[in-house]
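K.L.:
If you scroll down you'll find the structure; I have some questions about it.
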Amino acid sequence: MILGAVTLLLLALLFFAERSSRKRLAHFGLPGSSHRILGDLATLAALTLLFMLLGSSPAEEKGPGPALALAVDVSASMASSDGETSRLERARREIRALLAALPGARFALVLFAGEAVLQVPLTADPAALAFFVDRLSPGTVTVPGSAPEEGVTAALKALAGETGPQAVILFSDGERTVGTPPPLLPSGVPVYAVPLGTPEGSPVLDAAGHARLDPQGEPLLTRLEAEVLETICGATDGALLPVPGEDFSVAPLIERFSLANRKPTAEGSTAILSLVLLLLLAGEVPGRFRHGPKRGTVTAVVALTLCGLTLACHPRDNPSPRRLYAEALETAAADRPLEAARLFAAAARILEGTERGAALYNAGTLLLGAGDAKKALSPLEEAILLLPGDRQVRTNLALTLRALGEDLPYGSAPGEKGEEREGGTLSRSQALQLLETVIARPGGDAASTVPLFEIRPGRDW
């Protein structure tokens, strides 16, 4: 739009400049040179194509993508169906829509029932998160009951230390069935809730899929408690998302966060066009004594300007991940572990899948070998998500956790809460829990979870 308006302005200015030039030439007794318009139009067309090329380049990232923590209810009520699908399947569909529409975002996954568990720390790999999302089921967290506020609290902790756009997205029916009062939620990071279920409710199902009955023989019902979700969202300046028709509840979030960290690549186009316009106009105005700038000189200046701008503005090719990986291996062989770890981390930002996992593993291993266990933890955590069955990754992550354990206060024992560490995504106990619950292979079973805190439920769904 702006480029088109500037182009029209240039055409108008050149038209009037040409008319003025012809009048001045006639005044000095020189013949007009209408063919010069063709040259100017050709130059202007080339200039327009140049900036169309620059403007069509993908948008650059201002920095890290939005950080979104997903708090998913996996209590027994999520097996209930309020329509064609269960509540948990509805949550899966909403999450898949987020992952597909926000490829530049980073996601963390928190599961909760009667307790909250950080299942996936903040990661930029949507495939790793989708691997766990596709395998969710009611009962993944074994402590019965439902504590949505504790789920939000754990999700907020997963975002601690992050800058830029961030939010917690809560997928729940809002029922709080534990007997303890809900914790106070801090403001600062908004919580958006995707409501699951209906106010009318549906039967609570047992493991066999049959409706559970109360002592009077009536079906136990689980209902959407929108007031609870509204209270959670209101306390954090978030919002309760609408129940969609054919669209997704997360559609407003997709629209918001898809543009949260973008900017156009052709900044300064108007200034560059203005510079070239001055050069073109200089060629149209003859000198008073016929000693004005020569046509060939002006054309050469315009051509050189365009070439220079093309080289300066055209985006450079990204380094090859294979080249970065090979350079990192050579650097590691030269006994420069910290520099090699940086190169492996850079390669991991470009690679995907198991190759990304290998690069992250190498970066974490080198940092661990250099004695920096705190910085080694984050890449090893991501590596185990991408290579869940790899023995070396599990071993080095365990060694990292052991090294971090040496920093616990004197007298701390396993299971006792120590001081919170800095520089990592997980606390030590949460990371240990993740190590025990990862799925060793696609389709395999997850091990039992380790409780982070005890909650006694009033109802067990």
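K.L.:
Considering each residue of segment 140-176, count those that are basic (Lys, Arg) and under 15 Å from residue 75 (Cβ atoms), and give that number.
P.N.:
Of segment 140-176, the ones basic (Lys, Arg) are 157, 176.
From the residues that got through so far, the ones that are under 15 Å from residue 75 (Cβ atoms) too are 176.
Qualifying residue count, segment 140-176: 1.
K.L.:
Could you say which residue among 359, 398, 376 is surrounded by fewer than 16 Cβ atoms within 10 Å (Cβ to Cβ) and outside the structural domain of residue 127 (by TED's automatic domain parsing)? Before the answer, list the steps.
P.N.:
Working: 359 fails: surrounded by fewer than 16 Cβ atoms within 10 Å (Cβ to Cβ); 376 fails: surrounded by fewer than 16 Cβ atoms within 10 Å (Cβ to Cβ).
One residue alone meets the criteria, 398.
K.L.:
Something else about it: Residue 130 versus (1) of a type in the set (A, V, I, L, M, F, W, C); (2) surrounded by fewer than 22 Cβ atoms within 10 Å (Cβ to Cβ); (3) within 17 Å of residue 192 (Cα to Cα): which is the lone unmet condition?
P.N.:
It is condition (3) that residue 130 fails.
K.L.:
Here is a further query. Which ones in segment 208-243 are closer than 13 Å to residue 79 by Cβ and within 36 Å of the chain's Cα centre (by Cα)?
P.N.:
222 - this is the single residue of segment 208-243 that is closer than 13 Å to residue 79 by Cβ and within 36 Å of the chain's Cα centre (by Cα).
K.L.:
In segment 166-183, which residues are over 19 Å from residue 93 (Cα atoms) and of a type in the set (Val, Ile, Thr)?
P.N.:
177, 178, 180
K.L.:
Being part of a helix (DSSP H, G or I) and modelled with pLDDT under 85 is the filter; apply it to segment 333-353 and report the residue that is nearest to residue 125 (Cα to Cα). Give the derivation first.
P.N.:
Pass one, segment 333-353, residues part of a helix (DSSP H, G or I): 333, 337-348, 353.
After this cut, where a residue has to be modelled with pLDDT under 85 as well, the list is 333, 353.
Working: 333: 28, 353: 8 Å.
Checking each candidate, the answer is 353.
K.L.:
For segment 166-183, give me each residue that is surrounded by fewer than 19 Cβ atoms within 10 Å (Cβ to Cβ) and either touching a residue at least 40 places away in the same chain (Cβ under 8 Å) or not assigned by TED's automatic domain parsing to the domain that holds residue 104 (or both).
P.N.:
First, the residues of segment 166-183 that are surrounded by fewer than 19 Cβ atoms within 10 Å (Cβ to Cβ): 179-183.
Result: 179, 180.
The values are calculated or read from the model by the stated rules, or taken from the named source; none is laboratory data. Just so it is clear, the structure is predicted and the values come from calculations on it, not from any experiment. Heads up, the Cβs are rebuilt from the backbone with ideal geometry, glycines too, and the neighbour counts pull from every protein chain shown.
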